[in-house]
1. Assuming Leu244 fulfils every condition listed in (1) at pLDDT 95 or above; (2) surrounded by fewer than 22 Cβ atoms within 10 Å (Cβ to Cβ) apart from one, which condition is it?
2. Going through region 62-105 one residue at a time, which ones are on the phi > 0 side of the Ramachandran plot and not in a helix (DSSP H, G or I)?
3. Restricting the search to region 284-294, which residues are of a type outside the set (Gly, Ala, Ser) and buried (at least 20 other Cβ atoms within 10 Å of the Cβ)?
4. Against the condition part of a strand (DSSP E or B), closer than 22 Å to Ala337 by Cβ, in contact (Cβ under 8 Å) with a residue 40 or more places away in the chain and more than 21 Å from the chain's Cα centre (by Cα), how does Leu57 come out, does it pass?
5. Could you list, in sequence order, the residues of region 232-254 that are in a helix (DSSP H, G or I) and free of Cβ contacts under 8 Å to residues at least 60 places away in the same chain?
6. Only one residue in Leu68, Leu84, Leu23 is out of contact with any Asp or Glu (no Cβ under 8 Å at 6 or more places or on another chain) and either buried (at least 17 other Cβ atoms within 10 Å of the Cβ) or in contact (Cβ under 8 Å) with a residue 12 or more places away in the chain (or both). Which one?
7. With respect to Met324, determine if the residue is touching a Pro at 6+ places or on another chain (Cβ under 6 Å) and at pLDDT 95 or above.
8. Pick out the one residue from Ile408, Ile353, Ile338 that is out of contact with any Ser or Thr (no Cβ under 9 Å at 6 or more places or on another chain) and at pLDDT below 95.
Amino acid sequence: MDMRPEPVEPPAPVPRTVPPAQLEIIRTVFRNPLELWGEPSYTLPWIMTSFFGEKTLIVNDPGLIKHLLVDNAANYKMAVVRQLVLRPILRDGLLTAEGAVWRRSRKAVAPIFTPRHAKGFATQMLAQSELYAQKYEGADGTVFDIGNDMTELAFAVLSDTLFSGEIVTSSDNFADDVDDLLHSMGRVDPMDLLRAPSWVPRVTRIGGLKVLGKFRRIVRDTMELRLKRMAAEGESVPSDFLTLLLGPEGLTMEEVEDNILTFIGAGHETTARALAWTLYCVANSPHVRDAMEAEIDRVLESGTDPVDWLDLMPWTRAAFEEAMRLYPPAPSINRAAIADDRWTSPSGETVEIPKDVTILVMPWTLHRHELLWQKPRAYMPERFLPENREAIHRFQYLPFGAGPRICIGATFAMQEAIIALGVLMHRYRFDMTEETHPWPVQRLTTQPANGLMLKVTARRRAAGDVAPAGEA
C-alpha cells in the first residue's frame with residue numbers, strides 16, 4: 001500500500017477561462033507573461049490564434065515540436081518580439097545571434113562544453129559549493145533568501161570554471177545587479193508587442209541602461225586583463241572559455257564581448273533559478289527530501305568522485321529535473337516561419353504553418369499540459385526516476401530547448417546542480433517559513449517574485465554518523 005502523502009502543487013497562475021482584451025494582454029505581458037495563458041494552452045495540442053493582428057501558433061504536441069525545432073529547423077528563425085527584448089542586452093551573443101555570426105560563436109565555445117570537458121569541472125564545482133556552504137555555518141533556523149544565494153553560488157562556479165576566477169568585478173551585490181538587469185531589461189515592453197523598430201525608445205528599460213553599462217564594463221575589463229596575460233604569458237594562460245573566445249576563431253571583439261556577457265548575465269542565471277526552485281519544492285515535500293538526504297549522505301560519505309554524482313544520485317537528479325519541469329529556466333521558445341510549412345500528425349491531422357506566423361513553444365505550458373502529464377501541477381520527482389523516464393517523450397520536456405540551438409551548457413548545468421545540491425543538503429536542511437511566498441514571474445528566466453525565503457538548519461545526525469567534509 002502506497003503511504004506517500006498527496007504531492008504538493010507549488011504556486012503558479014491559474015489558467016484563464018476567459019480570453020483577455022488587447023489592453024489586458026499588454027498589461028499582463030509586461031507584468032508577468034506566465035499569467036496570460038488560458039485553459040486551451042494547457043489542454044489542446046496546438047492552437048492557431050492572433051495577437052495584435054499577427055497569426056500565432058501555440059504548440060504543445062511533441063511531434064510537432066520535433067518538426068519545428070529539429071526536422072525542419074532551417075525554416076524557423078528567431079521571433080521578432082524575442083529579439084526586440086533580448087538583443088538590446090546580449091546583442092550578438094549565442095542566445096540572440098543568427099546565421100553566420102551564430103555559427104561562428106557556437107563553433108568557438110563548443111569545445112569547452114563537450115560532455116568530457118564539462119566533467120573536468122567537477123572538482124572546481126565541488127570546491128566552490130563547499131566554500132559557499134560556509135555561509136550557512138552555525139545556522140539554526142536562520143532565514144536566508146535562497147534565490148539570492150543560489151545566484152551568488154552559480155556565479156562563483158561560473159567565474160572559477162569558465163573564467164579561472166578572473167571576472168573583473170568589485171561588486172559585493174552581484175545577485176542584486178543581475179536582478180536589476182533582468183527586471184528592467186529582460187521583460188517585454190509595450191513597444192515590442194507593437195513591433196516598433198528597435199530605435200524607438202523603450203521607456204520601461206531606461207532604468208536598466210545603467211546596470212547594463214556596468215555589466216559591459218565588467219566584460220571589457222575582464223577581456224583586457226586576459227589579453228594582457230595572453231601577450232605576456234603565451235600558452236601558460238588558462239585554456240578556459242575566456243581564452244577560447246579570445247583565440248583565433250574568427251570572432252570580432254564585439255562578438256566576444258557579447259558572448260561573455262551572455263554567459264555572465266544569463267548563462268549562470270538559469271541554473272541559479274532552477275537550484276532555488278528545487279530547494280523550495282523539496283522543502284515542501286518531506287518524503288522527497290528524506291529520499292534525497294539518504295542518497296546524498298550515502299554517496300558523499302563513500303568518498304565518490306563528484307564527477308560520478310550525477311549518475312549515482314537518481315533522486316537528487318529527479319528532484320532537480322521536476323523543479324525545472326514546473327519552473328522551466330527558459331519558459332518560452334519563440335520562432336517565426338520563413339516559408340510556408342505543414343505537418344501531419346500520426347492520426348492524420350494536418351497543421352498548416354503559413355509564412356511569417358509566430359511560433360510559441362512554451363515549456364511553461366508544455367510542462368504542465370494535461371494531455372502529457374499525470375497531475376501536471378504537482379511536484380512529483382518520481383516521474384524522472386530511471387524506471388519511469390521512458391514514459392516521458394523527448395519533446396514534451398524541454399528545460400534546455402531542442403534542435404540546433406539546444407542549450408550548449410546543459411551537461412555543465414546538470415553536473416553543477418547535482419554537486420551543489422549534494423553539498424548543501426548533506427550539511428543543511430531547508431524548510432519553509434511564514435514568509436515563504438514566492439510567485440513565478442517570467443523575465444529572461446522563471447524568477448521567484450517576493451524572494452525565496454527558506455529556513456536553514458544544520459542537519460542533526462545520530463551518534464556514529466559521518467560528519468560532512470570539513471566538519472569532522
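The values are calculated or read from the model by the stated rules, or taken from the named source; none is laboratory data. In this text the structure is predicted, and so the values were computed from the model without any measurement. Backbone-built Cβ (ideal geometry, glycine too); neighbour counts: all protein chains shown. Remember, those area values only see protein heavy atoms, side chains included, never the ligands or the DNA or RNA. Shrake-Rupley method; radii C 1.70, N 1.55, O 1.52, S 1.80 Å.
1. (1)
2. Answer for region 62-105, where residues must be on the phi > 0 side of the Ramachandran plot and not in a helix (DSSP H, G or I): just Arg91.
3. Selection gives Val288, Arg289, Met292.
4. Here the answer is yes, as Leu57 does meet what is asked.
5. Ala232, Glu233, Gly234, Glu235, Ser236, Thr243, Leu246, Met253
6. After ruling out the rest, the residue left standing is Leu68.
7. Considered against the rule, which asks whether it is touching a Pro at 6+ places or on another chain (Cβ under 6 Å) and at pLDDT 95 or above, Met324 comes out as yes.
8. Checking each option against the conditions leaves just Ile408.
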